[in-house]
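Taking it in order: structure first as structure tokens, then the write-up.
The values are calculated or read from the model by the stated rules, or taken from the named source; none is laboratory data. Just so it is clear, the model here is predicted, and its values are computed rather than measured. Please note: Cβ atoms are built from the backbone with ideal geometry, for glycine as well, and neighbour counts cover all protein chains shown. Quick note on the areas: whole protein, heavy atoms, side chains included, nothing else; ligands and nucleic acids left out. Shrake-Rupley method; radii C 1.70, N 1.55, O 1.52, S 1.80 Å.
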Amino acid sequence: VTISGGYPATRPPSTVLYSRRVRTSETAPDRPEIEPLDPSTKTFRWKQLPSCKGAIVGYQLNITARREYDSDFLEVEELRVSQSVTEYRLHPWRHGTNYTVTIQGLTAAGLGQASRWDFETIIS
């Protein structure tokens, strides 16, 4: 916070009258903005979160795969990636599978709100 002014009139307008550095507490980040899934590359992309609620230390992805025809679980995966990562390639890509992928930003205060992709792969 900096307050500048020229009062009284003998001071130039750029004179710093008061200055103090204040740091707010970190909170959980906002929901990441996601981009449409690119099925040709099997890649999820999201925009990097700003650090206005605290330093982004990473992202958490939760990937759930279920068989399309009976909804049985095939795989549940939870992984964390660094703050500089803004895409993830899904591998392996199973045909005839319903996928749910969520992504959350992470600060020292914890995980933020999740963004979500839901999609299904065709049976080949």
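Which whole-number percent gives the relative contact order of the stretch 23-108, counting Cα pairs below 8 Å spaced six or more residues apart?
Values: 175 pairs, mean separation 33.4, N = 86.
Value for the stretch 23-108: 39 percent.
Of the options LEU106, CYS52, PRO39, report the single residue whose Cα projects farthest towards the positive end of the charge dipole of the chain (beta-carbon charges: Lys, Arg +1; Asp, Glu -1).
Farthest towards the positive pole: CYS52.
Can you give the longest run of the chain that contains no trypsin sites (Lys or Arg not before Pro) sitting in a DSSP loop with at most 16 other Cβ atoms inside 10 Å? Spell out each step's value before the answer.
Values: sites that count: ARG20, ARG21, ARG23, LYS42, LYS47, ARG94.
Answer - 48-93.
In debye, nearest 20, what is the charge dipole magnitude of the stretch 37-99 about its Cα centre with +1 on Lys and Arg Cβ and -1 on Asp and Glu Cβ, if you could check? Before the final figure, lay out each step's value.
Working: 9 positive and 8 negative charges, 64 e Å.
The dipole magnitude comes to about 300 debye.
Summarise the accessible area of the chain (1.4 Å probe, protein heavy atoms) by the percent that is carbon and sulfur. Write down the numbers at each step before the final one.
Working: 4150 of 8230 Å².
Using a 1.4 Å probe with all protein chains present, the chain comes out at 50 percent carbon and sulfur.
Under 5 Å between amide hydrogens, which residues at least 5 positions from ARG31 or on another chain qualify, with H placed 1.01 Å from N in the peptide plane?
Amide H neighbours of ARG31: GLN113.
Percent antiparallel among DSSP beta bridges with both residues in the chain, to the nearest 5?
Details: 36 of 36 bridges.
Bridges in the chain are about 100 percent antiparallel.
Quick one: among THR15, THR102, THR64, which has the greatest mean-square fluctuation in a GNM of the chain with alpha-carbon springs under 10 angstrom?
Greatest mean-square fluctuation among the candidates belongs to THR15.
Given charges of +1 on the Cβ of Lys and Arg and -1 on the Cβ of Asp and Glu, with all other atoms neutral, how large is the dipole of the chain about its Cα centre, in debye to the nearest 20?
Details: 15 positive and 14 negative charges, 189 e Å.
Rounded to the nearest 20 debye, it is 900 debye.
If the chain between GLN48 and THR15 were fully stretched, how many nm would it gain, using 0.36 nm times the residue separation less the Cα-Cα distance?
Working it through step by step, the gained length comes to 8.1 nm.
If we count chymotrypsin sites (Phe, Trp or Tyr not before Pro) as exposed when they sit in a DSSP loop and have at most 14 other beta carbons within 10 Å, what is the longest stretch of the chain that avoids them all?
Counting at most 14 other Cβ atoms within 10 Å as exposed, the longest clean stretch of the chain is 1-68.
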